[in-house]
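The values are calculated or read from the model by the stated rules, or taken from the named source; none is laboratory data. Bear in mind that the values here come from a model prediction, so they are computed numbers and not experimental data. Neighbour counts are summed over all protein chains in view; Cβ atoms, including those assigned to glycine, are modelled from backbone coordinates with ideal geometry. Accessible surface areas use protein heavy atoms only, side chains included; no ligands, DNA or RNA. Shrake-Rupley method; radii C 1.70, N 1.55, O 1.52, S 1.80 Å.
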Amino acid sequence: MTTYRDRTEAGRVLADRLTALIGEPDVVVLGLVRGGVPVARVVAERLGVPLDVLVVRKLGMPWAPEVAFGALGPGGVRVVNEVVAGQLDPDDIAEVQRREQAELDRRERLYRAGRPPLNLTGRTAVIVDDGLATGATARAAVQVARHLGARRVVVAVPVGAQEAYEMLAAEADQVICAQRPPTFTAVGAHYDDFHEVSDDEVTEALTTTA
């Protein structure tokens, strides 16, 4: 297993796995904010398709935020696992949703910057992140994309855990994962440069790829 120099190199490797989409109609590449956007930018440029962002916020259990009971997406989309959510007090659910909705709204205002709301009706949505650890965010993104009308949903990542890959394969129409190490610790372990992506990097990518 190789280590990527940075997210740009990872995007180039990933784009080579997605060449079958070149020339297909109504394809849009969606970077998961924030770390997925630099990867998605390269993919969109190589495929010659539009780049956008998909702002998804997991609704995590109060005592275990990595365990999602649902997710929020743009346009008022709310996906809830009723079985998991049934373990929670309604007040706890309301507090988690209030906090995550506020952050989602902030990011939507910042990243859309006057652009129209995301509309995936009838489109092939290629959801790109910089890697899959648990896969919970990407899973939520798939569900949100379908709620936004996507005809086909593809998840594409440079590296991921085998368990996360298998989970997403049952959710998405296709999952492209360039590397699935037999021992997976963290996404950042597979990059030389894994700096925290800033809001400015996201908005700059969207501006220059528009």
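Some points to look at:
- Cβ-based charge dipole, the range 1-49, positive-most Cα from Leu32, Ala15, Thr3: Thr3
- With every protein chain in place, the range 44-184: carbon and sulfur % of accessible area (1.4 Å): 50
- Other residues with beta-carbon under 13 Å from the beta-carbon of Glu166 carry, at +1 per Lys or Arg and -1 per Asp or Glu, a net charge of 0.
- Each Cα pair of the range 69-174 feeds into the Kirkwood radius, which the Stokes-Einstein equation turns, at 4 °C and 1.567 mPa s, into a diffusion coefficient of 87 µm²/s.
- For the options Gly122, Gly76, Gly35, a Gaussian network treatment of the chain with springs between C-alpha atoms closer than 10 Å singles out Gly76 as fluctuating the most.
- Surface exposure of the chain, expressed per residue as accessible area with a 1.4 Å probe, stands at 46 Å².
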